[in-house]
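As structure tokens, the structure follows; a few thoughts come after it.
The values are calculated or read from the model by the stated rules, or taken from the named source; none is laboratory data. Since the structure is predicted, the reported quantities are computational estimates derived from the model, not experimental observations. We place every Cβ from the backbone using ideal geometry, glycine too, and count neighbours over all the protein chains shown.
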Amino acid sequence: MHIEVGPEHMHCAVLSERGMRGTTYRVYLRIHGSLDSRGMVMDFSRAKRILKDLADALDHRVLLTAGDYSTSDGYITYSGFRIPASEVVVCRDVQEELEKFLDRIDFPDNVVRAEVVVEEIL
């Protein structure tokens with residue numbers, strides 16, 4: 001049995017070797033497990049909060065997908081762009097980055113797996 005929560009939307013700037021471009025992602029959370037004593041895999045409102053926290057982690061951030069950048073004085077410099085480090089998330093893959101956050105979630109015992117589904121809106 002599973003539940004799917006979403007979508008949440010993330011609006012990001014992606015900085016890569018091709019330059020910077022704005023993009024929007026749709027993010028879903030799928031939770032797999034057995035039904036608990038209330039007949040639910042997981043409380044829907046809690047699952048929705050988890051998804052919102054996942055999306056908020058990258059929403060309105062600059063996603064740096066290339067590895068050859070420098071840092072100094074609280075800024076990241078890449079390909080002529082100088083951006084406050086607090087606004088940048090270095091990641092090769094958006095889905096992998098969001099899945100890292102799942103490891104920090106204390107899911108109920110009946111949940112056997114949680115996954116993030118990310119769709120780029122073109």
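Checking each residue in region 12-55 for being under 14 Å from the mean Cα position of the chain (by Cα) and under 14 Å from Glu87 (Cβ atoms) picks out Cys12, Ala13, Val14.
Applying the criterion of being at pLDDT 85 or above and of a type in the set (A, V, I, L, M, F, W, C) to the residues of region 84-101, the residue that is farthest from Val27 (Cα to Cα) is Ala85.
Going through (1) touching a residue at least 24 places away in the same chain (Cβ under 8 Å); (2) touching a helix residue (DSSP H, G or I) at 6+ places or on another chain (Cβ under 7 Å) one by one, Gly74 falls short only on (1).
Could you tell me which residue of region 1-18 is surrounded by the most Cβ atoms within 10 Å (Cβ to Cβ), considering only residues that are among the hydrophobic types (A, V, I, L, M, F, W, C) and at pLDDT below 90?
Leu15
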